[in-house]
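Here is the structure we will look at, set down as structure tokens.
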Amino acid sequence: MTNNPISRRNFLGLAAGAAGAAALAACGSDGPKAPGTGSTGGGGGGSASYWSLSGPPGEPVRKAAIERFNKANASTKIEELYFQNDAYKQKIKTSLGANQGPTMIWGWGGGGLKEYVNSNLVEDLTDWFGQNAAVKDKILASSFGAATVNGKIYAMPIETVQPIVLFYNKKVFERVGVQPPKSWGEIMALVPKFNAAKVAPFSLAGQSRWTNMMWLEFLLDRTAGSEVFDRVFAGEKDAWSDPAVLDMLTKIQDLVKANGFQKGFSSTTADSNADQALLYTGKAAMMLHGSWSYGIQTANGGNFVKEDGLGWMNFPAVEGGKGDPSNTVGNPGQYLSISSKATPEAKEIAKKFFSTTLVDDDEKSGWVKSGGVPVLKNSDSLFTGGDAQFLKDMAGIANGAKVFAQSWDQALSPTAAETLLDNIAKLFQLQVSPQQWVSAMNGVIGK
Amino acid sequence: MTTIAPPVVRTKESPRSSGGRGGSVVWMALPAFVWFIFFGIIPLIGVLALSFTTWNGFGEIVPSGLDSWRATLKDPGLPNALWVTFLIMALSWAVQTPLSILLGVFLATSKRYREFLAVLFFIPLLLSSAAIAITYKSLLDPSFGLGSGLGVEALNQDWLGNATLAMATLIFIVSWQFIPFHTLIYQGAVRQIPTSMYEASQIDGAGRVRQFFSITLPQIKYTVITSSTLMVVGSLTFFDLIYVLTAGGPGDATRALALLMYRQGFQANLMGPASAIAVILVLVGLALSLLLRRLGGRADESQSEGA
Amino acid sequence: MATITKHAPSPTVTGTPGSRLRRRARSYNWFGGGLSWVWLFIVMLPIYWIVITSFKTQDTYFVTNPLLPPSDFTLTNYKTVIENDVIRYFFNSVIVTVGAIVPAVAISFMAAYAIVRGAGNRLLKVMNSVFLMGLAIPLQAVIIPVYLIIIKLQMYDTLAAIILPSIAFAIPLSVLVLANFIRDVPKELFESMRMDGATEWGTLWRLAFPLTRPALVTVTIYNALGIWNGFLLPLVLTQSPDQRTIPLALANFSGQFGINIPAIAASVTLTTLPIVLLYAIGRRQLLSGLTAGFGK
């Protein structure tokens, strides 16, 4: 990191010349800087900053955690800021580039975290976890995989384990008079039935692209097992050129061609939760989505979840497929890293937040109440009330999975992920053939 | 920005004012000049310099020779973005120009209700591209928009989710946004045509259509060039509208150069290639303005080119 | 559609007295007239829709005819939008627009004056060429270095970060339009000012300023609209909600409100209202100014 500012200064030395940057800076003082924002590198004095995602079900739980911490530690303060998902992914990068990133960097681990590590933006927490074994012991061991880069831990697993599951609207199934699918063949057989009933078989927020990706992840796993993507992840040459990949891509295009998704799915965004709305308003029968969708539908869907309208299952098997149908894909947790540029005080506050609030019982029950399975151990006993069945099932899927794969776009580097998402969007648009898809993706393996 | 982009420049250099007292006023131009150098020209040099580096946006800026250019020129996304940019430019020009001229000619005759029309016509120009994009996005939503609410199947198309329709919709919205402005320009130009010309041709028995082609069009040809330049160069800078409306999608069907640059730089963390695309964007813009300026300049014999 | 045809003018309306020749020339232009009314319908439909939708509740939105006014008129949506800090974003936009437009127009005016009065001076010729070239530089293309410079100036995530580049990118067009106007001022007037012993600075303010006022209004409004509606600079150069401007806030609302389309409609309506009001007040000035400024 040390040479980063220098090289930038070199560039700007050219840029700024002797043009009097200071004078300009003085001119610009009319931008009022409200207290509590953009605290450089994560807050001076007794404060640290924390950024995360807005919206239900996560935001209220996150807010509650910050509030607990600030109440318990009157001398210090964590300042919070929330962004929408797609906006956050861009904003966190520009702010880190501007040296105005938060003390605590929220993320999904994997490839994104690796890039931060390569740029020396985040603290190595291996020693800290060594000294605080009690904290480490409270967290599911399986969640640490995506927090680890080159054998070192750079983030604390937080929040919830989020497998992706197939949600369906029970009322729509009842009305159309069909049963939930148990295999890919049954899915394809359901499609015309729902279309005939003027219900979209599947809801999909295609503009967000990572939503489309979940289909590829499951279909590839069910047809060929987890090995194919492992080879891609390992950077093996032409790893996408597996016959199973072509098979999987063809299946997806067959589903698109059969009008498997709602009209206009390519312009639907996940940020607006319009895809969820299609399901709970009965305009769509099924939706493949992360388990966090449960919380959104509970919050936004009126009585839909309460009245037992929502059904869920692990993605069904594909006839003749090699993959284990117990496998799942998703987020093994969310991750919080500490900025290496933060002040020592801010880092201390962050570590205290990690070792106290983030592993306390309120945190655990908060996430359970939001409809999620915490990354914290021994939470099964909290699964009670209306959400109990869902939580038990999610924990069952997460713990029973032979392989819990991380979402591809999170596992790969942002550069490769961008190409992947782009080609996936084109695949769903039928703009590229499976063959073209494979050659385009082989081109960015290992980048 | 709702920028409608620069017009063609036909700087008249009046021989009267070319005095020798220039020295005493030079300082007055300095603040604007220095400011523009600092935030306009230096970034321009900067973007060129950055196109020869590798930078992920938050790490170190490493000089890397032609790597970024090689990557950019090999990227199949570039020809697609150039094609999309060209399509937007050509189609929006072809839709806007005839409509704006006809509307401008009609509104030029001063009548009270026509003034009233002009006032309402102008409203889209007041709206930000973000507001317009959001409005149309909601209006055209296949599940929750106008078509679904009215139950009219013809309106319930996949307006933004189908590649061809998305481009058509984009052109329509661009026209919706900017035709009022160009109508206004033409209206002003037509009003400057002396009525005597029409009266003379009428004695010759010319009808409205013939008058339009033999008098109106030739008389407003410089305005056509000004307005076309505004449209063409302006179309290079459509970013917010597309960003909010389709984010370049579906797939890459509406991913113009500016969107490709943003995607490479701020989403894929490839600031080097993004800068290379920016340089291409500048070159295209400069080439187009020069071309149109020459077009305007050559036709414009009465005026000497200044500057 | 029906409401529009009702207003369609009858030919008798257009029969204005005049010479025989002129009357023939003025026979009603059915084609142009029809086109105008059709276009008016196209322009107004989305605006009408967004306004009426903003007064509907989310429940009724889905079940009522989207083109009919609300049966259960509500202001809830506006309350929702106001509770989401829209007032602050509004003031941010005002600060950015005024903060950029005043210096931009002032220094552009000075530069335009110098370029006209000092014609023949080599340095000024160079400057003029730079401005002309600047017309072809899209802001989008230089956003990455601008971002770097703003970081360097320690102004990332401030309103000043938006203001400084906005000023620069308003300069070329403003100089061009203003110079064209100042050129039209008869040279004799400058001469007589000089005879009276006025300095160039005095001439600038006492002679050129009042005579080019329409052009000043034009460039002010034109640039102000561009800055007020600017999206890319705030998107890249700011991050916190405290520094958010209206267009960015709108994009954010549309994600936040999701399928609550009445709330989205209210956010669009509310944020556009001030501009429309200003337009209602100053439209004559603006329309004639723009025609004059660009018709040249």
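Observations, loosely collected:
- Residues in region C:113-127 that are within 7 Å of another protein chain (Cβ to nearest Cβ) and either more than 30 Å from the chain's Cα centre (by Cα) or touching a residue at least 40 places away in the same chain (Cβ under 8 Å) (or both): 9 in all.
- Among the residues of region C:211-233, those that are more than 17 Å from the chain's Cα centre (by Cα) and either within 28 Å of A:Ala98 (Cβ to Cβ) or part of a helix (DSSP H, G or I) (or both) comprise C:Leu211, C:Arg213.
- Any hit, region C:94-116, residues being within 30 Å of B:Leu283 (Cα to Cα), of a type outside the set (A, V, I, L, M, F, W, C) and surrounded by fewer than 21 Cβ atoms within 10 Å (Cβ to Cβ): yes
- Of the candidates A:Phe383, A:Phe390, the single residue that is buried (at least 20 other Cβ atoms within 10 Å of the Cβ) and not basic (Lys, Arg) is A:Phe390.
- Residue list for region B:31-80, filter: polar (S, T, N, Q) and either closer than 29 Å to C:Ser166 by Cβ or part of a helix (DSSP H, G or I) (or both): B:Ser51, B:Thr53, B:Asn56, B:Ser68, B:Thr72, B:Asn80
- Check on B:Gly205, more than 30 Å from C:Asn252 (Cα to Cα), out of contact with any helix residue (DSSP H, G or I) (no Cβ under 9 Å at 6 or more places or on another chain) and either crowded, with 21+ Cβ neighbours inside 10 Å or among the small types (Gly, Ala, Ser) (or both): yes
- Test: residue in region A:387-397 that is more than 19 Å from the chain's Cα centre (by Cα) and of a type in the set (Gly, Ala, Ser): yes
- Any hit, region A:197-217, residues being closer than 23 Å to A:Leu310 by Cβ, part of a strand (DSSP E or B) and polar (S, T, N, Q): yes
- Note on region A:84-95: among residues that are over 18 Å from A:Leu121 (Cβ atoms) and surrounded by 18 or more Cβ atoms within 10 Å (Cβ to Cβ), the one that is modelled with the lowest pLDDT is A:Asp86.
- Any chance B:Tyr186 is within 10 Å of chain C (Cβ to nearest Cβ), in a helix (DSSP H, G or I), closer than 16 Å to C:Trp49 by Cα and at pLDDT 85 or above: no
- A:Pro374 meets the conditions (1) in contact with a Lys or Arg (Cβ under 9 Å, 6 or more places away or on another chain); (2) outside the structural domain of A:Ala98 (by TED's automatic domain parsing); (3) in contact (Cβ under 8 Å) with a residue 40 or more places away in the chain in every case but one. The failed one is (2).
- Flag for A:Val135 being within 17 Å of B:Asn56 (Cβ to Cβ) and either in the same structural domain as A:Asp86 (by TED's automatic domain parsing) or among the polar types (S, T, N, Q) (or both): no
- Enumerated helices (runs of 4 or more DSSP H) restricted to region B:108-163, each holding at least 1 residues that are under 23 Å from C:Pro234 (Cβ atoms) and not β-branched (Val, Ile, Thr): B:129-140
- Looking only at region A:284-307, residues that are modelled with pLDDT of 90 or more and within 14 Å of chain B (Cβ to nearest Cβ) come to 3 in all.
- Test: residue in region A:87-100 that is part of a strand (DSSP E or B) and within 14 Å of chain B (Cβ to nearest Cβ): no
- Looking only at region A:290-343, residues that are part of a loop (DSSP other than H, G, I, E, B), under 17 Å from A:Leu278 (Cα atoms) and hydrophobic (A, V, I, L, M, F, W, C) come to 3 in all.
- Which listed residue, of C:Ile221, C:Ile227, C:Ile182, C:Ile246, is closer than 30 Å to C:Ile264 by Cβ, surrounded by 15 or more Cβ atoms within 10 Å (Cβ to Cβ), at pLDDT below 90 and assigned by TED's automatic domain parsing to the domain that holds C:Leu278: C:Ile221
- Evaluating C:Leu173 against the criteria (1) touching a residue at least 40 places away in the same chain (Cβ under 8 Å); (2) more than 30 Å from A:Leu279 (Cα to Cα); (3) more than 7 Å from every other protein chain (Cβ to nearest Cβ) leaves one unmet condition, (3).
- Any hit, region C:145-159, residues being more than 7 Å from chain B (Cβ to nearest Cβ), under 21 Å from the mean Cα position of the chain (by Cα) and modelled with pLDDT of 90 or more: yes
- Checked across region B:210-233, the condition of being in a helix (DSSP H, G or I), more than 9 Å from chain C (Cβ to nearest Cβ), closer than 29 Å to A:Gln207 by Cβ and not charged (D, E, K, R) holds for at least one residue.
- Unique match (being closer than 22 Å to C:Thr218 by Cα, in contact (Cβ under 8 Å) with a residue 12 or more places away in the chain and surrounded by fewer than 24 Cβ atoms within 10 Å (Cβ to Cβ)) among C:Leu164, C:Leu139: C:Leu139
- Residues satisfying the stated conditions in region A:133-147, i.e. over 17 Å from A:Asn378 (Cα atoms) and buried (at least 16 other Cβ atoms within 10 Å of the Cβ): A:Ala146, A:Ala147
- Answer from A:Asp238, A:Asp242, A:Asp230, A:Asp247 - the residue that is surrounded by fewer than 24 Cβ atoms within 10 Å (Cβ to Cβ), over 27 Å from A:Gln431 (Cβ atoms) and modelled with pLDDT under 95: A:Asp230
- Filtered by the rule that a residue be in contact (Cβ under 8 Å) with a residue 40 or more places away in the chain, in contact with a Lys or Arg (Cβ under 8 Å, 6 or more places away or on another chain) and surrounded by fewer than 23 Cβ atoms within 10 Å (Cβ to Cβ), region A:423-436 gives a lone residue, A:Leu430.
The values are calculated or read from the model by the stated rules, or taken from the named source; none is laboratory data. Given the structure is predicted, the values throughout are model-derived calculations rather than measurements. Quick reminder, even Gly has a Cβ in these numbers, built from the backbone with ideal geometry, and neighbours come from all protein chains shown.
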